[in-house]
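Working notes, beginning with the structure itself.
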Amino acid sequence: MLYNKKMIQENKKKHLIRFIKYTLVGFSTFVVDLFLIYFLTDILQINYLVSAGIAFVIAVTLNYHYSRKLVFHETTRELRQGYFNFLAIAILGLIL
């Protein structure tokens, strides 16, 4: 019984660390997204809709890359397939 409690505690710790990493990756790419929108719109004078689209694609790509590398590094899904699934979900979220 003690062994099971220890395993449960280790599993909870692992999931908490994964959640913290995922949150940090998400927050940092959100900041990148906002910065890119500002930079492209205010500094480079690009239309705000175009800027938002460019920033969105870059931020989602960075989010996928860092999430895969730092958070979900044990995944076995092919890189291309995983990216397109991730991008489709992000676009669906944007639409909603």
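The alpha-carbon atoms of the chain, seen along their principal axes, cover 64, 25, 24 angstrom, with the largest extent given first. A straight Cα-to-Cα reach below 17 Å connects residue 14 with the aspartates and glutamates 74, residues fewer than 8 places away in its own chain not being considered. In the full protein context, the chain carries 80 Å² of accessible surface per residue, based on a 1.4 Å probe and ignoring ligands, DNA and RNA. Across the options 50, 9, 90, the greatest Cα extent toward the positive end of the charge dipole of the chain (unit charges at beta carbon of Lys, Arg, Asp, Glu) belongs to 9.
What is the angle, in °, between the Cα long axis of helix 79-95 and the longest principal axis of the Cα atoms in the chain? Nearest 10 is fine, range 0 to 90. On a 0 to 90 degree scale, this one is about 60.
Counting only protein heavy atoms and a probe of 1.4 Å, the accessible surface of the chain is 70% carbon and sulfur. Note on residue 15: accessible area approximately 100 square angstrom, rounded to 10, probe 1.4 Å, nucleic acids and ligands left out. To the nearest ten degrees, helix 2-38 and the longest principal axis of the Cα atoms of the chain are 10 degrees apart.
Each label point was placed 7 Å from the Cα along the Cα-to-Cβ direction; for residue 6 and residue 22 their separation is 2.8 nm.
The values are calculated or read from the model by the stated rules, or taken from the named source; none is laboratory data. Since this is a predicted model, take the numbers as computed values, not measurements. Quick reminder, even Gly has a Cβ in these numbers, built from the backbone with ideal geometry, and neighbours come from all protein chains shown. These accessible areas exclude ligands, DNA and RNA; they are computed on the full protein's heavy atoms, side chains included. Shrake-Rupley method; radii C 1.70, N 1.55, O 1.52, S 1.80 Å.
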